[in-house]
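Some notes on the structure that comes next.
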Amino acid sequence: MTTAAYDAPPVDVEEVLRRGGLTRFHRRAVIVTGIAWTFVAMEILLIGFVQPIFSQIWNLNGTWQGLVNSAALAGSLVGSLTLGRLADRIGRRAIFQYAILWYAAFTALTAVAWGPWSVMTLRFLAGLGLGGLLVVDPSMLAEYLPPQRRGRLLVFLDFWWPVGLLLATFLSWIFIGHNVGGDNSWRYLFLAASFPAFLAFLIRRTLPESPYYLARQGRSEEAAEVLSEIEGRPVSASEVTAPPAAEKSSIRDLMVGALRNRTVVTGLVWIALNVSYYGLFLWLPFVLQGEKNFHIDVYLVLALSALAQFPGYAAAIWLVERIGRKPTLAGFLILGGLSAYAFAVADTEAVYITALFFVGFFNLGAWGAVYPYTAETFPTQLRSSAFGLMEGVGKSAAIAGPYIFGHLLDATGSTTWSITFVAIVMAAGGLVAAVFGRETRGTHLA
């Protein structure tokens with residue numbers, strides 16, 4: 001350690017990360033969290049491929065299929081609310097490590113399910129771990145990254161989501177499409193889906209605690225050690241300001257003063273994203289085999305819909321820094337809603353597939369924009385709690401999304417009104433963001 005380092009005036013964690021820029025550690029952190037994001041997407045979307053089998057062997061109507069689809073989302077609601085708050089109290093790292101192990105274990109156990117109630121119970125328990133991942137991963141990554149690169153790299157985290165859809169499509173094509181295991185093909189599918197997550201648990205143990213959390217707890221030496229690892233140079237505790245331990249905060253603080261409007265607006269946007277995404281994509285394998293009677297390869301179209309999401313994310317990565325978080329988020333939601341309506345009423349294969357391409361492009365691009373928007377909207381001592389609340393509120397609506405989709409299907413005998421409902425919700429979320437949202441680009445993480 002040089003004398004200059006000891007004589008340097010103290011700065012906060014944000015400034016240390018800003019001066020250090022992007023390092024090898026950041027690339028590793030993005031990859032490690034991104035791999036887990038792939039498994040989260042695969043796990044949540046996998047049930048959509050198995051749903052037609054459950055419908056046949058247990059004689060489920062649309063409403064029951066919606067309930068089965070929503071079970072993991074219900075678990076993630078509970079997990080995000082409880083584990084997000086716990087992460088603010090005990091630190092991000094423990095939740096970051098063990099949430100993925102929990103979800104992998106109950107995904108594997110889903111293979112022994114014997115009826116709709118057992119499937120829903122096991123999917124709910126797996127969802128508890130998924131809720132922890134959905135809350136803690138973006139918070140932890142945001143608190144590693146230099147502020148000038150945070151927006152794009154948080155969007156890049158969601159870039160891994162369509163990889164999960166591709167993986168779910170591929171595994172389903174192998175086990176269900178080729179009937180591996182005969183009548184038990186779906187059981188082998190869940191076992192295969194759980195194995196990579198067990199490996200990810202080992203990899204995630206290599207990442208340290210958040211330096212923001214450590215500094216706010218007055219643990220300056222530990223914060224300096226983590227910053228040294230992140231920056232690839234010695235950082236002493238004397239270089240880093242150690243703010244006094246933050247006053248005890250409550251999730252109720254999110255509804256006080258200036259934070260109330262931010263919380264309500266952000267919550268409505270998360271509701272729109274969750275209802276529209278899960279309401280459609282958990283039913284998409286069924287929809288593509290539905291009443292349109294188009295001559296399409298379902299697995300190929302699903303793969304193409306996943307591939308469409310990559311340019312959507314790429315556009316969001318560029319636009320959140322170019323024009324800002326708010327206009328990117330609002331614009332993508334509104335255009336996604338218009339695309340979903342075109343998909344609902346399409347009368348030719350060309351329009352049908354093209355509209356689905358743009359649904360994936362705009363909806364998933366909006367998901368990419370909402371994470372930096374949310375991370376920069378709330379202060380550090382409430383950030384994980386805010387993510388927990390947003391995931392919780394969003395997942396509450398997402399639980400209803402597949403159920404409402406199935407109920408409308410039962411009531412009308414067609415998926416047209418179900419998809420139109422999804423389109424309206426998506427566009428409404430965009431209008432809320434456009435009219436009432438705030439721009440967060442360049443915001444200092446307090």
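The values are calculated or read from the model by the stated rules, or taken from the named source; none is laboratory data. Just so you know, these numbers come straight off a predicted model, no measurement behind them. Positions of Cβ are backbone-derived with ideal geometry, glycine not excepted, and every protein chain shown enters the neighbour counts. Note: accessible area is taken over every heavy atom of the protein model, side chains too, but ligands, DNA and RNA are not part of it. Shrake-Rupley method; radii C 1.70, N 1.55, O 1.52, S 1.80 Å.
Of the options PRO311, VAL240, ALA258, report the single residue whose Cα projects farthest towards the positive end of the charge dipole of the range 185-337 (beta-carbon charges: Lys, Arg +1; Asp, Glu -1).
The listed residue farthest towards the positive side: ALA258.
How large is the accessible surface of HIS407 in square angstrom, using a 1.4 angstrom probe and rounding to the nearest 10?
100
Please compute the alpha carbon radius of gyration of the range 272-337, then divide it by the globular-protein estimate 2.2 N^0.38 Å. Two decimals is fine. Show your work: numbers first, answer last.
Details: Rg = 14.5 Å, N = 66, 2.2 N^0.38 = 10.8 Å.
Taking the Cα Rg and dividing by 2.2 N^0.38 Å, one obtains 1.34.
Quick check for me: using +1 on Lys/Arg Cβ and -1 on Asp/Glu Cβ, what's the dipole size of the chain about its Cα centre, in debye to the nearest 20?
460
Tally Lys/Arg at +1 and Asp/Glu at -1 over every other residue whose Cβ is under 15 Å from the Cβ of ILE353; what's the total?
Once positives and negatives cancel, what remains is -2.
On the first, second and third principal axes, largest extent first, how far apart are the outermost C-alpha atoms of the range 1-131 in Å?
Computed over the range 1-131, the largest-to-smallest principal extents equal 74, 27, 23 Å.
Considering just Cα atoms, how many Å³ per residue does the convex hull of the range 258-310 enclose?
That works out to 84 Å³ per residue.
If Rh is defined by the Kirkwood formula over all Cα pairs and Rg also comes from Cα, what ratio Rg/Rh do you get for the range 335-424?
1.09
For the range 134-290, what value does the Rg/Rh ratio take when both radii are computed over Cα atoms and Rh is the Kirkwood radius, given to two decimals?
1.08
What is the set of long-range amide H partners of VAL11 at a cut-off below 5 Å, with H atoms built 1.01 Å from backbone N?
Residues meeting the criterion, in which the H sits 1.01 Å from N, are VAL240, THR241.
At q = 0.14, 0.30 Å⁻¹, work out log10 I(q)/I(0) for the range 71-131 with the Debye formula, treating every Cα as an identical point scatterer and leaving solvent out; two decimals please.
Log10 I(q)/I(0), no solvent term: -0.38, -1.13.
When the helix-only estimate is applied to the chain (DSSP H runs of n ≥ 4, each -39,500 (n - 2.57), divided by the residue count), what is the mean residue ellipticity at 222 nm, nearest 500 deg cm²/dmol? Could you put the intermediate results ahead of the total?
On the way: 18 runs with 342 residues, N = 446.
Helix-only estimate at 222 nm: -26000 deg cm²/dmol.
With label points built 7 Å along Cα→Cβ from the Cα atoms of GLN148 and HIS178, find their separation and express it in nm.
In this crude label model, GLN148 to HIS178 measures out at 5.0 nm.
How large is log10 I(q)/I(0) at q = 0.09, 0.12 Å⁻¹ when the Debye formula is applied to the Cα atoms of the chain, each weighted equally and without solvent?
Here the Debye-derived log intensity ratios amount to -0.55, -0.95.
Would you compute the Debye intensity of the range 295-446 from its alpha-carbon atoms alone, equal scatterers and no solvent, and pass along log10 I(q)/I(0) at q = 0.11 Å⁻¹ to two decimals?
Each listed q maps to, in turn, -0.48.
Return the inverse of the average 1/r over all pairs of distinct C-alpha atoms in the range 381-446, which is the Kirkwood hydrodynamic radius, in Å to one decimal.
Over the range 381-446, the inverse of the mean reciprocal pair distance is 14.4 Å.
Just from the alpha-carbon atoms, what are the Rg and Dmax of the range 122-223 in angstroms?
According to the Cα coordinates of the range 122-223, Rg and Dmax are 18.2, 58 Å.
Size of the range 246-383 along its principal axes in angstrom, Cα-based, largest extent first?
61, 30, 21
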